[in-house]
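The values are calculated or read from the model by the stated rules, or taken from the named source; none is laboratory data. Everything numeric in this text was worked out from a predicted model, so none of it was measured. Note that each Cβ is placed from the backbone with ideal geometry, even for glycine, and that neighbours are counted across all protein chains shown. Please note that ligands, DNA and RNA were not included when accessible areas were found on the heavy atoms of the full protein model with its side chains. Shrake-Rupley method; radii C 1.70, N 1.55, O 1.52, S 1.80 Å.
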Amino acid sequence: MIICKTRKEISAAVANIRKQGRSLGFIPTMGALHQGHISLVKKSIEENDCTAVSIFVNPTQFNNQNDLKTYPRTIDADIALLESVGADIAFIPTVDVMYPEGLENVTESYDFGPIGQVMEGIARPGHFNGVGIVVHRLFELVPADRAYFGMKDFQQIAIIKEMVRQRDIHIEIIPCPIVREEDGMALSSRNIRLSEEQRKQAVQISQTLFKAQELAKTASVAEVQTFVETTVNSVPLLSVEYFSIVNAHTMQPVTSWDETDWVVGCITVNVGDVRLIDNITLKK
Ligand code: PAF
């Protein structure tokens, strides 16, 4: 596996692949890699001649400085894991490489329209602008054929698809299923920050979503909404920040199952100072 740290190194590595006429898959990550990320890497390896993975904890997408400071960083283990599954390139830039103008001089600004004005767009002001900026810059440096993103960040995929549309970027965005622990808990880099007791209780997030999926077959949208909020909030260490039942194409809330062919329930829960997100299809 080639490790690239500078713009020159990554551009040369990509140019070399292109010169040989080989296809390229790309997985942008913030590191602290787990089997969810690895499922994306494996899919890319299946579908492309070469696979590049970036590891960069992007400061411009953190609206909370404590969240940025405490975001897990496990770079040596990440490199070993990528090597073991057969990734071809790891791009590990510093903040200076990604933002040579200095963070205070970053000026790009996105308007993602209604998809950016709900859920994480409200809860984390500026977050999606930072995601748009960094993914655009990464796509410029790694002009892959396909890029792979986990569906745990359901709204983020819609945002990235919209960014790619607005900037006329010819990279296919491939959404990939959420990977869960055996007990149902969605894999997340943030899970390692949970205490044993928090982790034990946090499983109720996914367990409640699974029950909600069943309930959605017979109950109304409002009933499912109340069920999820009440059940998760009744777990002592869990506090629901929001649970939104949305049209999966537009991210806008629905009030009836008949409004669209695909409805998803998206949840954000605070477990101490760890913020966890998850989602589940309620109708498709
Ligand atoms: O999903 C993530 O890990 C990040 O938001 C991403 C897409 C790598 C951009 O920093």
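Some points to look at:
- Residues located in segment 117-136, provided they are in contact (Cβ under 8 Å) with a residue 40 or more places away in the chain and part of a loop (DSSP other than H, G, I, E, B): V118, M119, R124, P125, G126
- Per the listing G86, G113, the residue uniquely more than 15 Å from the ligand (Cβ to nearest atom), open to solvent by 30 Å² or more (accessible area, probe 1.4 Å), in contact with a helix residue (DSSP H, G or I) (Cβ under 8 Å, 6 or more places away or on another chain) and modelled with pLDDT of 95 or more is G86.
- When P125, P93, P72 are checked against the criterion of being surrounded by fewer than 18 Cβ atoms within 10 Å (Cβ to Cβ) and either under 27 Å from I2 (Cβ atoms) or β-branched (V, I, T) (or both), P72 stands alone in meeting it.
- Filtering segment 137-171 to residues that are part of a strand (DSSP E or B) and within 11 Å of the ligand (Cβ to nearest atom) leaves A147, Y148, F149, G150.
- Members of segment 20-62 that are without any contact (Cβ under 8 Å) to a residue 60 or more places away in the chain, within 9 Å of the ligand (Cβ to nearest atom) and surrounded by fewer than 21 Cβ atoms within 10 Å (Cβ to Cβ): V57
- Flag for S188 being within 16 Å of the ligand (Cβ to nearest atom) and open to solvent by less than 50 Å² (accessible area, probe 1.4 Å): yes
- Residue within segment 13-31 that is in a helix (DSSP H, G or I) and in contact with a helix residue (DSSP H, G or I) (Cβ under 8 Å, 6 or more places away or on another chain) present: yes
- Taking first residues from segment 262-280 that are part of a loop (DSSP other than H, G, I, E, B) and partners that are charged (D, E, K, R), the Cβ contacts under 8 Å between residues at least 6 apart in sequence or on separate chains come to W262/K283; W262/K284.
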